[in-house]
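For reference, the structure is listed below as structure tokens.
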Amino acid sequence: MRSLTQYRGIVRVAAIAAAAALLLAACAPGGNSEAGPAPTRQASTGVGSEPVTLRLLVNSGVDVPFYTALGELFHAKYDNVTVKVENQDYATLTTNIAHILAGSNVPDLVRVSQLGNLIEDHLLTGLDPYAKAYGWDQWPQSQFASTRVGPDGKQRGTGSLYAAGAGFGLTGVYYNKALAQRIGMTRPPATVAEFEQLLAKAKDAGLQPIMINGKDGGSVYPLQNLVMSSAGDAQAVQDWNYAKPGASIDNAATVKAATSLQRWGQAGYLPADVNDIDQTRAPAEFVKGNGVFFPSGNWQAPALDKAGAGQFGFFLFPSGETGGPSYAMTAPANLGIPAKSPHADVAAAFLDFVQTNSQARQDTVTLGGLVPAGPSEAAAPTAPEGSAVAATVGSFQELLKSNGLVGFMADATASIHVNSLIPQTQLLLAGKTTPEAFAAKVQSDYERDLGQ
Amino acid sequence: MASISGPPVVRQASPTADPASVPAATQPVVPRRTAPRTRRWSALLWVAPAFGMYAVFVLFPMAQSVQYSFYDWDGIGPATPAGLDNWKAIFTRPELLHSVEHAFILVIFYTVLPVGLGLVAASLIRELRPGAFSTTARVVLFIPQVLPLVAAGIAWTWMYSSDGLVNQVLRAVGLEQHTRAWLSDFTFALPAVGVIGVWVMLGFCTVLLLAGIGKIDPALYEAARLDGAGRISEFFAVTLPGLRRELVVCTTFTMIAALASFDVIQISTQGGPGYQTMVPGVEIYRLTFLQQHVGQASALAVFLAALVLVVIWPIQRLGREK
Amino acid sequence: MTTSAVAQRVTRTGLLLALMLFAIVPLLSMFTTALATPGSTPQGLSWPSDPHWHNFVDAWSAANFLALFRSSTLIVLGVVPATVAMATAAGYALAQLNVPFGKAIYGLLLVGLTLPFEALITPLYYDLRSMGLLGTRLAIILPLIGLLMPFGVFWMRAHFLGAEPALTEAAKVDGANTWQTFRRVHLPLATSAWSALAVLFFLASWNQYLLPLVLVDDPTKRTVAGGLGAFQGQYGTDIVLLCAGSLLIILPSLVIFLIFQRNLVKALMQGAVK
């Protein structure tokens, strides 16, 4: 039996290989253990006169025409700089960003959705010198809070600046004006309870109360809003987002929020195939009249206005009780400068340009749907009255004053969105997990991500 | 004495199989009249390039995987020893354990059904007169096997979508109430992904088994018929035992494809809804790149490799025993 | 023929046709969808009243297929000849020459037959990075040569084990050395074996998805299958364009298979005769 002896041979060599591997295990793998300070550069504000191709890596979809337009504006001003926009779909980019930035083919600016380990691993250029050089430090500083990272590389909200963006995303609830009128909605709901009454009315009227994309995480927005509404406060969530030591969302507010969302699902307020709807299909369905309400973000507004000018309104997610605070999730459309970028100065000039140039700011609203921040004296871009875009811009200004802007739970760690919030919310809506288990599981995943 | 019928794995991550593996796999070893042979060191030169590439790009990385699995490492910064934590997690973290479970459920679809249906298809084709139709049947059934699995994933994602063909057919025959978005349905997502596996693997099994049936001595069938055996008992008395080696090759190959599936899931469901279709292959990819838990990913990878060996081993033995 | 025999025959043919339909229908559905109005969401299987053949042209340029095909061709050229040559040499030596530690070497190679690619992808990523090859086509080519090698050696060794020993002896009598024996006697006889192997390796390289996905960021430097994955990410919501693009990607694999299927089947049947 030659074959049998051969297999015995395999066992033997496998055993030797395993032993060798164990020996290898005695020494630590790879890892440049230079745990020094984050790389900072000599900041210069010029773009020089050498021809430069600035490579910009963004998400597929609306990002592409938006940043292409910004790039053309920049090129018009500095004709030695050509901006080349590359794109990868959101899931691929968030999955691979650390390795793209650590690799050999590094872009000059990259769309960073979650900072994750990027700071700890020294993959992004610190922007403090540029902030000083360009005078960003004279602007309202709350706009930069979410991309400041402390010396441990994890805690956000304080420390050095690592990313900035042309404008801010903002979430709330779109509504179909005609359908809302049909169910007797005369003004946006003031409380969650009022909102639920409207949902029930919509259901009774044979309408789809809410259109939402459960496939890629749209249902996490109302969940987070419900958490903040039921707590009557956003501080706990914000601490959690910023990885403040000891932060936890395994609490009564989350359980209550998860219970409400689950109830909405069971009551038929959410589409039956909610987990199959992605963020392209949801607005398409909503535009078709499938859904009275559509909880989403301002990046959807330009397309909604285009599909039916004046037909869609926007309100902030209602608060827990009458007169209570309103909250919305926000995040800058962050661009970071990879530590390995050879054109950091030009990239920083681009970042300054998109925040201050008036045409760029206008494009940010018109094309990107985002609200530009920048210096306090900068002129606010215009949007047609009654449009969804105008409504989102108005809401942003309102929340800026009331301190109601909170980061996305989805951005708390690199993988919390894909690995915990999306699947757990899907399980919740399918009745496969309990609100209590939901809260505990998201918290434990979060702690593991942070290495706690 | 039989030659080893090793699994004809061309690539596990995206298994395109090959009908032609049969001669290699089942070719009887011709006894050699070997002259007294001395070891010839120069012969090593013939083997060196092949073994060198294999050592550098397979053996060495495998050893590294084992090594990484004992560390906590984000893949970029410094690594810290983690003892057996990564290994314990495989058995204590429900998502990881479930991903392994799902891989075994996929075996039903990648292996059991294609082998069963392949037997049916092979015996149907065998009864046809050789000609255009039998050739066409063989070729058509085999086509899914040669396509990129990415394309299989895309084709079936469209088939299963709300507007896709599956629902279109259900509506056409009046089963409107059973239409659904199959890949995001908690109950049906995993079986639906499994059916993609049936689609890919059926042709491979059919062609392999067809070749095997052709090798069975017709005299055995005559003898069975003389004994008054019906079709069914003939199948069990003659066909099945005669196909032992082909069955082993089919089973081995398709099981590896099931346990190590990646492409189809990554394209069609990314493991959702919830964690319903998460498999070790996708989990390893995510752990490495999204979560940057390289140690945990490596532990799961080594576990998966060991699991495949453990599962394949007894099947291989089965194929050798006569 | 009796009625029951006819009925039986009809059932059997029907069953076979059903299985064939199962195999082909997803591709037909893709085809009719690819011809629908761009941007629309057609039904799963319906012939468009106004077929938009231009969709294929659009998909071609949207996915930069020319670059992808060029890239895949380079990868295939890098992988297939080298792997087939190395595997043939090693297979021959392990079958016909008395290689020192031959059993151990072959045993180690056999382990590689069952190793899932995923088990190696993480360290491969770091190894290739330290070699400075990440993001280049060599990052796909080199590991693929190593990963395909066990099967290649296994395949060629099996072939050379079956070679007629008398031939070797005859060549020896004529004074041929090992290389000449191999080159003049055994290699010509192995043509069907190595050419079938080359076709299989072509498919394996062309269809490879995981390695390009992880090791090369730039989709235009990937294989077509890897590029198709990126294409799905970018245009996944435009089902018409996606189907057109997928069909373009499928085509070369399909053509190669249809050209060589006779040879593959012949190799199969030869095995059957022995």
Review point. Over all Cα pairs of the stretch B:167-322, how is the pair count split among 5 Å bins, expressed in % and running from 0 up to the last occupied bin?
Key: 2, 8, 12, 13, 14, 13, 10, 10, 9, 6, 3, 1, 0, 0
Check your understanding: If you wrap the stretch C:71-233's Cα atoms in a convex hull and average its projection over all directions, what's the area in nm²?
Key -> 10.4 nm²
Review point. So which lysines can A:K215 reach, going by Cα to Cα under 25 Å and dropping same-chain residues fewer than 8 places off?
Key: A:K203, A:K256, A:K288, A:K306, A:K432, A:K441
Practice item. Quick one: grab the alpha carbon gyration tensor of the stretch A:81-234, order the square roots of its eigenvalues as a ≥ b ≥ c, and give me rounded if a/c is under 1.5, else prolate or oblate depending on whether a/b is larger than b/c. Key: prolate
Study note, to complete from the structure: The distance between the Cα centres of the stretch B:206-276 and the stretch A:214-241, in whole Å, is 52 Å
Review point. Taking only C-alpha pairs under 8 Å that are 6+ residues apart, what is the relative contact order of the stretch A:345-386 in percent?
Key: 33 percent
Review point. Which of A:N251, A:P271, A:L405 sits closest to the plus end of the dipole of chain A, meaning its Cα is farthest towards the positive end, when Lys and Arg get +1 and Asp and Glu get -1 on the C-beta?
Key: A:P271
Practice item. Please work out whether chain A counts as rounded, prolate or oblate from its C-alpha gyration tensor, where a ≥ b ≥ c are the square roots of the eigenvalues and a/c under 1.5 means rounded, while otherwise a/b larger than b/c means prolate and anything else oblate? Key: oblate
Practice item. Might you report the magnitude of the Cβ-based charge dipole of the protein assembly as shown about its Cα centre, with Lys and Arg at +1 and Asp and Glu at -1, to the nearest 20 debye? Key: 4180 debye
Check your understanding: When we measure straight from the Cα of B:K215, which lysines land under 24 angstrom away, once same-chain ones fewer than 8 places off are left out?
Key -> B:K322, C:K266, C:K274
**Study point:** Between 0 and 90°, nearest 10: helix C:191-206 axis offset from chain C longest Cα axis
**Key:** 40 degrees
Practice item. Take the alpha-carbon centre of the stretch A:128-196, take the same for the stretch B:75-136, and report the distance between them in whole Å. Key: 45 Å
Exercise for review: Whole number please: convex hull volume per residue, Cα atoms of the stretch A:178-269, in Å³.
Suggested key: 112 Å³
Exercise for review: Measure out, as a whole number of angstrom, how far apart the alpha-carbon centroids of the stretch C:195-219 and the stretch C:99-162 sit.
Suggested key: 14 Å
Point to revise | Anchor A:K77: lysines whose Cα lies under 23 Å away (excluding residues fewer than 8 positions away in-chain) | key: A:K132
Review point. Which percent, nearest 5, of DSSP beta bridges in the stretch A:35-176 are antiparallel?
Key: 25 percent
**Study point:** the protein assembly as shown - share of DSSP beta bridges that are antiparallel (%, nearest 5)
**Key:** 65 percent
Revision key, fill the gap. Taking Cα pairs closer than 8 Å and at least 6 residues apart, the relative contact order of chain A in percent is 23 percent
Exercise for review: Work through the residues other than A:P325 whose Cβ is under 12 Å from its Cβ and net out their charges, Lys, Arg +1 and Asp, Glu -1.
Suggested key: -2
Review point. In whole angstrom, and with the biggest value first, how far do the Cα coordinates of the protein assembly as shown range along each principal axis?
Key: 97, 73, 52
**Study point:** Kirkwood Rh in Å, taken over chain B so that all alpha-carbon pairs contribute
**Key:** 22.3 Å
Review point. In the Gaussian network model of chain B, springs joining C-alpha atoms below 10 Å, which of B:A192, B:A223, B:A50 carries the largest mean-square fluctuation?
Key: B:A50
Practice item. Work from the charge dipole of chain B (Cβ charges, +1 for Lys and Arg, -1 for Asp and Glu, about the Cα centre) and give the residue of B:V200, B:L183, B:T80 farthest towards its positive end. Key: B:V200
Revision key, fill the gap. So the FRET efficiency between A:E321 and B:T80, C-beta based with R0 = 41 Å and rounded to 0.05, is 0.30
Review point. Can you sort A:W139, C:W179 so the residue with the fewest Cβ neighbours within 10 Å comes first?
Key: C:W179, A:W139
Point to revise | Which of C:F56, C:F201, C:F101 has the fewest Cβ neighbours within 10 Å, and the rest in rising order | key: C:F101, C:F56, C:F201
Exercise for review: Quick one: compute the contact order of chain B, relative version, from alpha carbon pairs under 8 angstrom and 6+ residues apart, as a percent.
Suggested key: 31 percent
Check your understanding: Based solely on its DSSP helices, what 222 nm [θ] is calculated for the protein assembly as shown when runs of n ≥ 4 H residues each add -39,500 (n - 2.57) and the sum is averaged over all residues, nearest 500 deg cm²/dmol?
Key -> -18000 deg cm²/dmol
Point to revise | Simple label model, 7 Å out from Cα along Cβ direction - C:R12 to A:T186, nm | key: 7.9 nm
Check your understanding: In what sequence do A:M228, A:M329 fall when counting other Cβ within 10 Å, fewest first?
Key -> A:M329, A:M228
Check your understanding: For labels at A:S44 and B:A229 in the simple 7 Å Cα→Cβ model, what's the distance in nm?
Key -> 8.7 nm
Practice item. Kindly state, to the nearest 0.05, the FRET efficiency for A:T82 paired with A:A379, given R0 = 30 Å and r defined as their beta-carbon distance. Key: 0.60
Check your understanding: When the dipole is taken about the Cα centre of the stretch A:152-209, and only Lys, Arg (+1) and Asp, Glu (-1) are charged at their Cβ, what size is it in debye, to the nearest 20?
Key -> 140 debye
Practice item. With a/c under 1.5 counting as rounded, go ahead and sort chain C into rounded, prolate or oblate using the C-alpha gyration tensor (a ≥ b ≥ c being the square roots of the eigenvalues; past the cut-off, prolate if a/b is larger than b/c, else oblate). Key: oblate
Study note, to complete from the structure: Both in Å, the radius of gyration and Dmax of the C-alpha trace of the stretch B:164-240 are 20.4, 54
Check your understanding: Mind checking the alpha-carbon convex hull of the stretch B:107-227 and giving the volume per residue in Å³?
Key -> 158 Å³
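Every number here is computed from the coordinates shown, using simple stated rules; none is lab data. Predicted model, so just to flag it, every value in this text is computed and none were measured. With ideal geometry, Cβ positions are generated from the backbone for all residues, glycine too; neighbour counts draw on all protein chains shown.
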